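Structure first, then comments.
None of the figures in this text is laboratory data; all of them are computed from the coordinates on show. Bear in mind that the values here come from a model prediction, so they are computed numbers and not experimental data. Ideal geometry is used to build each Cβ from the backbone, glycine not excepted, and the neighbour counts take in all protein chains shown.
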Amino acid sequence: PAVTFALEAWAETLEGDARPGAQLAAWVAAGSWVWYYVWPALIALYFPDGRLPGPRWSVVATGMIVLPAVMHAVFTYDPSSYGADGIPGSPPAALSIDLPPAAEGVLLVCFLGLLIAAVASLFGRYRRGDPVTRLQIRWLAAGAAAFPLTLVTGWTVMLLLPGRWYSFLLLGLAVGAV
């Protein structure tokens, strides 16, 4: 989160007296939020022994890398990510992609599905685990319960509140959840 906030702050200097690299920072910041949720999902997939629960789970693990990369690219090159309600500046002109909102919605739903699948892997491990594994998973679940809530809350707040100040509300919610 700190890196994304720093990129957004640097990109905001794009209007007016632009700092060197402000446009590049705006492009990177446009879709960087998806990476917040990758590492917790991968921890859930590989916890507690460092292996996937089974060979079929490699699809979810691969999807947790590929889909966020696609989403980051789509949001970086989407003109609606920029302007008054988004990141300052404009997308890279040569590759500007204007996807319909439904296509972006499908990406978001698929991403949420991968996150749910990662959490579901813990349920299977819990049911098959010994008492120590079950205790480890309970502690992980206690700490990780806030991640899906932050994702859904963030999307809801961005849809309902205009402007960019919603990030401060989300930061307050995240701090309050801890």
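Annotation for residue 120 and residue 62: the two label points, set 7 Å from Cα along the Cα-Cβ direction, are 1.8 nm apart.
Counting 0.36 nm for each residue step from residue 139 to residue 39 and taking away their Cα separation leaves a gain of 34.3 nm. Working note: Karplus 6.51/-1.76/1.60 with θ = phi - 60° gives segment 132-139 the couplings 5, 4, 4, 5, 4, 5, 4, 5 Hz, where Gly and Pro are set to x.
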